[in-house]
Each structure stands twice: as structure tokens, then as C-alpha cells.
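K.L.:
Dropping the structure in here first, questions after.
Each value in this text was obtained by applying a stated rule to the coordinates, not by laboratory testing. Computed from a predicted structure; not experimentally measured. Cβ coordinates were reconstructed from backbone atoms using ideal geometry, including for glycine residues, and neighbour counts include every protein chain displayed.
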Amino acid sequence: MRGLQGKIGIVAGAGRGIGAATAKRLAEEGARVVVGDIEAEWAEAVAKEISAAGGVAISAHVDGTSPPSVAAIVARAESEYGGLDFFHANLAGGTQGDVDALDCPLEAFDRSISINMRSHFICTQAALPALLRRGGGALIYTSSGAASGGAPWQVAYPMAKNGIHALARHVATRWGRNGVRANVIAPGVVLTEAVKQHMSDEQVEAARKRLPHRRLGEPDDIAAMAAFLASDDGAWINGQVFHVNGGAQMRD
């Protein structure tokens, strides 16, 4: 990728899975990375792995639902490395009890909205001033194919993830002329630790059979797109949703 060498970035939700793969890929491309996660020991392990491989990374605890926590990780990037060039909000979870619209308890709905959408808004409010101080930069949000796929068994998570798309378009249109790019990655089924934990072998195989591809996704597939969007190669891309899903959904 062009233009990542020496850049400064944060990956929030980088303790494992897509976020960890993204932090490692960005460091491989020469970026200096703050690895953030609510599980601080996971973030520390990823940062140590990056450093052992010759990259530059530090770790930090971050709770995406807490404005002071997110503000603190942005401040850490600026104090440690001197600025911020990109922020990847890779935050998700809290879907327990999230079922159909008649049976989903309001508490489960609120929890999912908080973790899966409100957190991305909080990250935007924390990161934007730092990006503007640098003359621009990239905001990258992780959404989900669930946002546009339609599912009878879940309501809050798809609604929350769809809200991220509107957020990215707002940021792109409001601050694009200030050099800020905001884009979304919507993964399909990616074999992260969480997916392997919550999907049976039979469900994984059924998902693979439905796919017009030889395999399901790997975290590195999403990391490659994130690195592209953070890089100068993605300089003319703004306000877009990229479905990285092996063809599970084919959209204009």
C-alpha cells in the first residue's frame, strides 16, 4: 500500500479477530499503531506480537461505550506518536437476547445499539478533531452484512450496523473537503474466534456451501480492505460501504 509508512493510527477493538489482523497488517505496512481493546491483556498481546515482528505498536484499554475512554486512546496516540492519521472503529458485541422485533427486550435492544452503533458515534467525536488537526485522515468503521441482508431472527444488531452507514456518509459529506474520508467495511462470515465460538461446525459448513466461493472469510481478508482504505491508495474513496463477503451479497 502507498502512504502508510510512518502514519499513525488506532484500531479500537483490536484484541483478536478482525481488529487484531488489521492492527498487524497496518504495522506491516509501516504504520504506527495503537492497539485498543476492552480486554486490555488481549490488546497488549497483539502489540507485543507486532513489536516482536519489527513493527511499532503500543496497547491501551478502551471501552467504546465510554467517551472518556475513547478520548483517552486518541490522546495517547497524539502524545506517543504526535498525531492521528486514521481510526478504525471495529466494535461489536452485546447481542444476547437480540431476537425478533416482538420478542427482543428493550434492555437487549439498548445494549446492542450502545455497543454496535453508539460506540462508533463516540469514536467519531473523539477522532475527528485529531484528524482535522492533521489536515485530514481516514475513519474506517466495521459494519456487517447483517445490515443489509435481512434476518428474521435478529433486529437490533442489523439496525445498529445500518446506522453506521448513515454516520459514515454524514462524516464524508460534512468533512470531506477538510480531507477526512469515512468508509465502512461490511464483512460476511469471517472465521474469527467469536464466530468459531458461537457457530457450530454444521452452521459453518452450511454458510460455506451457500457461498459462491471456495471458502469463508478470514480476518486477514478484512484487514486488507482496512489497510487499503487507510492508505493513500484509497485517497479518492469516501462515504462508501464495502461488502467483503466472498460474494454472499452482491450489491451495486
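K.L.:
For labels at L102 and Q197 in the simple 7 Å Cα→Cβ model, what's the distance in nm?
P.N.:
3.2 nm
K.L.:
Okay, moving on. At 0.36 nm per residue, and after removing the present C-alpha to C-alpha distance, how many nm does the segment from K48 to Q154 gain when stretched out fully? Walk me through the numbers on the way to the answer.
P.N.:
On the way: separation 106, 0.36 × 106 = 38.16 nm, distance 3.70 nm.
Stretched out fully, the K48 to Q154 stretch lengthens by 34.5 nm.
K.L.:
Roughly how big is the chain's charge dipole about its Cα centre, with Cβ charges of +1 (Lys, Arg) and -1 (Asp, Glu), in debye to the nearest 20?
P.N.:
With Lys and Arg at +1 and Asp and Glu at -1, about 860 debye.
K.L.:
Which cross-chain or sequence-distant (5 or more) residues have an amide H under 5 Å from the amide H of D85, H modelled 1.01 Å from N in plane?
P.N.:
Amide H neighbours of D85, under 5 Å, 5+ apart: I8, G9.
K.L.:
A further question follows. Compute the Cα gyration tensor for segment 5-107, then decide on rounded, prolate or oblate, letting a ≥ b ≥ c be the square roots of its eigenvalues: rounded whenever a/c is under 1.5, prolate when a/b is larger than b/c in the other cases, and oblate in all that remain.
P.N.:
Because a/c hits 1.5 or more and a/b exceeds b/c, segment 5-107 counts as prolate.
K.L.:
Please identify the helices of the chain, taking whole runs of DSSP H, that span at least 20 Å along their own axis as judged from the Cα atoms and have a mean Kyte-Doolittle score of -0.5 or higher. Mind dumping the intermediate values first?
P.N.:
On the way: long enough: 67-81 (21 Å, 0.17); 119-133 (22 Å, 0.82); 156-175 (28 Å, -0.22).
Counting only whole DSSP H runs, the qualifying helices are 67-81, 119-133, 156-175.
K.L.:
What FRET efficiency comes out for K209 versus E80 if R0 is 41 angstrom and r is the Cβ-Cβ distance? Round to the nearest 0.05.
P.N.:
Here the calculated transfer efficiency is 0.30.
K.L.:
Under a 5 Å amide H to amide H cut-off, with H placed in plane at 1.01 Å, what residues pair with G137 once short-range neighbours are removed?
P.N.:
Here V180, R181 satisfy the definition.
K.L.:
If you take the square roots of the eigenvalues of the alpha-carbon gyration tensor of segment 83-165 and sort them as a ≥ b ≥ c, do you get rounded (a/c under 1.5), prolate (a/b over b/c) or oblate?
P.N.:
prolate
K.L.:
K161: which lysines have alpha carbons under 30 Å from its alpha carbon, excluding same-chain residues fewer than 8 sequence positions away?
P.N.:
K7, K24, K196, K209
K.L.:
Each label point is 7 Å from the Cα along the Cα-to-Cβ direction; what then is the distance between the points at I237 and R251, in nm?
P.N.:
1.5 nm
K.L.:
For Rg and Dmax of the Cα atoms in Å, the listed values are (i) 21.2, 88; (ii) 18.6, 61; (iii) 17.2, 52; which was obtained by calculation from the structure presented?
P.N.:
Label of the calculated value: (iii).
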